[in-house]
1. From the set of residues in the stretch 265-288 that are buried (at least 18 other Cβ atoms within 10 Å of the Cβ) and out of contact with any helix residue (DSSP H, G or I) (no Cβ under 6 Å at 6 or more places or on another chain), which is nearest to residue 84 (Cα to Cα)?
2. Identify, from the list 80, 72, the residue that is under 21 Å from the mean Cα position of the chain (by Cα), part of a helix (DSSP H, G or I), buried (at least 16 other Cβ atoms within 10 Å of the Cβ) and touching a residue at least 40 places away in the same chain (Cβ under 8 Å).
3. Looking at 102, 131, 169, 106, which is the one that is assigned to a strand (DSSP E or B), more than 21 Å from residue 294 (Cα to Cα), touching a strand residue (DSSP E or B) at 6+ places or on another chain (Cβ under 6 Å) and at pLDDT below 95?
4. Could you tell me whether the stretch 56-66 includes any residue that is in a strand (DSSP E or B), more than 23 Å from the chain's Cα centre (by Cα), buried (at least 19 other Cβ atoms within 10 Å of the Cβ) and in contact (Cβ under 8 Å) with a residue 12 or more places away in the chain?
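The values are calculated or read from the model by the stated rules, or taken from the named source; none is laboratory data. Just so you know, these numbers come straight off a predicted model, no measurement behind them. A quick note on method: Cβ atoms are made from the backbone with ideal geometry, for glycine too, and the neighbour counts reach across all protein chains shown.
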């Protein structure tokens, strides 16, 4: 009787350098496709060969995604480091019967999920070089905290140019790393590609740009109605969401203060709201000074 792999039984590990971190995920997915090219087989000597032939000699970049709770302990803070520094790592997905590996991974998108009365979480998307199966875990396992404390955001503060946004409905915060894989298709590689093992896989990439952006939505009232439509290319924005009332015991997400541009628009619904769609325009020497996942 075959043994099946069930997602609910997976264990996810990140190997960065020589260190292995177990990451508790609520969901995970990964895949990789091969690039297929067709060519005409119909000739004067074979006029009825209507179906085209196929050539496969390279793979597209692998894709992966997972979601993790932004707990108060520092067990998952490696994600912040990999996201901000755009560092490469290996992703292992272990089931009771198999170990899958996505090698040469890089995080291309990190969404800091902020919802009222819901634990803070981070949704990660990225690309990698190759997906393999039947692997063994590598790296030295890092110790885990004795406890795991989910961070429910009892504190949510947004300020624009030093003024607090008072009637917040929702907040989004997202970091995008725009990467481009170096060309990996060569004549020699194409000639020697006969199986998946000898297929040409991407290996190196460059960073084109980074985008740190989001939105702040608040209710329209008689107090802030004059701000329903506005814009700015040089506004100072700060967002804090997490647990704790003072800087000494705050745990959670902290963005800014940072120079940003924004456009503000009205949204007429059952209850009128307006949204600030913002994007950071500042270029700090250390991005970690502007975007922080603060843990114990």
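1. Per the stated criteria, the residue is 280.
2. Working: 72 fails: part of a helix (DSSP H, G or I).
Among 80, 72, only 80 is under 21 Å from the mean Cα position of the chain (by Cα), part of a helix (DSSP H, G or I), buried (at least 16 other Cβ atoms within 10 Å of the Cβ) and touching a residue at least 40 places away in the same chain (Cβ under 8 Å).
3. 169
4. Quick first cut of the stretch 56-66, residues in a strand (DSSP E or B) only: 56-59, 62-66.
Filter once more, so that each one left must be more than 23 Å from the chain's Cα centre (by Cα): 56-58.
Filter once more, so that each one left must be buried (at least 19 other Cβ atoms within 10 Å of the Cβ): 57-58.
Right, trim to in contact (Cβ under 8 Å) with a residue 12 or more places away in the chain and you get 57-58.
Looking for residues that are in a strand (DSSP E or B), more than 23 Å from the chain's Cα centre (by Cα), buried (at least 19 other Cβ atoms within 10 Å of the Cβ) and in contact (Cβ under 8 Å) with a residue 12 or more places away in the chain, one finds at least one in the stretch 56-66, hence yes.
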